[in-house]
Amino acid sequence: MSLPENFQFEKAFEVGAFQVHPNGNMSLCSLADLLQEIAWKHADSQGFGRNLLEQKLMWALSRIEIKVNQFPRWGDSLRIFTGGRGQAGAFAFREFLVWNQQEEVVARAMSSWLLVHIEKKRILKPESVLPSSLFDPQVAPSWQPIKLEASGPELASKLIQVQHSDLDLYHHVNHTSYIRWVENIAADRGLFPTSIAVNYLSECKAGDQVHLDLLGPDFSPFIQGRVEGKVVFEAQIKCA
């Protein structure tokens, strides 16, 4: 069976009760969890996933943009598609498409990834492990996650401490945990985003205290996270 828009891999999911907000809409962090899962499944199926750990290599998400047309709700059946979208410099790009059971597009996302040596903390060329048939090193997508520059007056601030449940397999904060933090500080002001862009700038680990600032206009604010004065991530949300 051919996949839409030249995507290369698909997986079916059902939205669980634990993945929705009190209003019944799926949370952005839960959607990001599914995108992370299908990315790993696709990478594992093609030999550039968890097997890279044997070479002390890992994929680090650098940037992601998620745009929701219609939020899935509890019990909805989803089909998520993913595929490589080329490379540019040290970045490898992966796109996602989310269908509901009527095959309507409910969300899209684009992400950029870095190949990192775990021990040496060195960024490597992605083409050293990626098949060119899936990630053409000569082609970069027209849609690339943007570089954010947070600005604007402070609307709110919050100090949080990284918990064990925030961590991933590498003992770093999972990229979906940052999205949960963003949703929480936004919800405190009655803001419920339909799109989010995140730049992951530095590692966060267990016990770190993260100072979150909500900046800028209410309709499209920035969220900046700092640890001991160092910016570790920046995000921007948009609300319908």
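Taking Cα pairs under 8 Å and at least six residues apart, what relative contact order does the chain come out at, in percent?
Values: 514 pairs, mean separation 43.9, N = 240.
For the chain, the relative contact order is 18 percent.
Report the full-extension gain for the segment Lys238 to Ser133: residue separation times 0.36 nm, less the Cα-Cα distance, to one decimal in nm. Show your work: numbers first, answer last.
Details: separation 105, 0.36 × 105 = 37.80 nm, distance 3.46 nm.
Full extension from Lys238 to Ser133 adds 34.3 nm.
When the gyration tensor of the chain is built from Cα positions, what are the square roots of 5 times its three eigenvalues, in whole Å, from largest to smallest? Intermediate values should be presented prior to the final figure.
Numbers: eigenvalues 145, 108, 54 Å².
Gyration-tensor ellipsoid for the chain: 27, 23, 16 Å.
Hey, got the dipole for the chain? About the Cα centre, +1 on K and R Cβ, -1 on D and E Cβ, debye to the nearest 20? Each step should come with its number before you reach the end.
Details: 23 positive and 27 negative charges, 87 e Å.
Dipole magnitude for the chain comes out near 420 debye.
Could you list log10 I(q)/I(0) for the stretch 4-128 at q = 0.17, 0.19 Å⁻¹, which the Debye formula gives when each Cα is one point scatterer?
The calculated log intensity ratios at q = 0.17, 0.19 Å⁻¹ are -0.87, -1.02.
Under unit Cβ charges (Lys, Arg +1; Asp, Glu -1), what dipole magnitude, rounded to 20 debye, does the stretch 35-134 have relative to its Cα centre?
Numbers: 14 positive and 10 negative charges, 80 e Å.
My answer is approximately 380 debye.
Please find the FRET efficiency linking Gln209 to Ser2, where r is the Cβ-Cβ separation and R0 is fixed at 51 Å, and quote it to the nearest 0.05.
On the way: r = 49 Å, r/R0 = 0.97.
The value I calculate is 0.55.
Below 29 Å, Cα to Cα, which lysines can Lys125 reach? Residues fewer than 8 away in the same chain don't count.
Candidates past the 8-residue exclusion: Lys11, Lys41, Lys56, Lys67, Lys147, Lys205, Lys230.
Compute the label zone of Glu37 within the stretch 1-19: residues whose backbone N is under 17 Å from the point 7 Å along Cα-to-Cβ.
9-19
Using a Gaussian network model of the chain whose springs link C-alpha atoms within less than 10 Å, name the residue from Phe135, Phe219, Phe81 with the highest mean-square fluctuation.
Largest GNM mean-square fluctuation: Phe219.
Once Lys and Arg get +1 and Asp and Glu get -1 on their Cβ, which of Ala12, Phe48, Ala32 lies farthest toward the positive end of the dipole of the stretch 4-128?
Farthest along the dipole direction, towards plus: Phe48.
Given a cut-off of 18 Å, what percent of all Cα-Cα pairs of the stretch 77-165 lie beyond it? Mind dumping the intermediate values first?
On the way: 2458 of 3916 pairs.
Roughly 63 percent, rounded to a whole number.
Could you state, as a whole-number percent, how many of the C-alpha pairs of the stretch 154-238 are farther apart than 19 Å? If you can, show how the numbers build up before the last one.
Numbers: 1092 of 3570 pairs.
Percent of Cα pairs beyond 19 Å in the stretch 154-238: 31.
Any idea how far apart Ile118 and Gln46 come out in nm if each label point goes 7 Å out from Cα toward Cβ?
Once both label points are built, they end up 2.3 nm from each other.
Each value in this text was obtained by applying a stated rule to the coordinates, not by laboratory testing. No experiment lies behind these values; they were computed from the predicted model shown. For neighbour counting, all protein chains shown are included, and Cβ atoms are generated from backbone atoms with ideal geometry for every residue, glycine included.
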